[in-house]
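Let me begin by presenting the structure, written as C-alpha cells, before commenting on it.
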Amino acid sequence: MPKKLKVLYEDEDVIVEMGPHDNEIPELIMDYFKQERKPLTWQKLREHFSATIGEDRLRRALRHLVNEERLVQLNRNTYADPESLDPEILEELEAKWRLSGRRRNVGYFSRNASN
C-alpha cells in the first residue's frame, strides 16, 4: 500500500499535505514505480512529485535507489524497477553495459541471473 503523507488541511477545494522527510522519499518513488509498472522518465517523475518533493531531493533519492540497485537507469533520463522489466530486456542491458564497460547496476543482474 502506498505511503500516505500527513494531511495538514483539507476542504472542498484543496488538500494540503506535509512534505516527506528525506528518508521517506525513496519509498514514495518505489511505490510510484510499482503503481505504474513501467519505466518512467525524469520528466514524468518530476511532474508527479513536483508538489511534494523538490528536484534536488528527487535527484538524490533516484541516485540512491540506483546505487542500491533497487532501480536501474536505462538511459540518461529513464529509470525502471528491475522487477517490472522482462528478463530479455535485463539480459540486453547487461550485455550492453558489459560491452561499454559500464559497471553500475551489473551486480543486480549477475546476482539474479538464476531467477
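Bear in mind that the values in this text are calculations on the coordinates, not laboratory data. Values in this document were obtained by computation on a predicted structure and should not be read as measured data.
Computed values, structure above
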{"quantity": "Extension gain, Q35 back to E12 (0.36 nm per residue minus Cα-Cα distance, nm)", "calculated": "5.6 nm"}
{"quantity": "For the stretch 23-72, diffusion coefficient by Stokes-Einstein and Kirkwood Rh (Cα), 4 °C, 1.567 mPa s, µm²/s", "calculated": "119 µm²/s"}
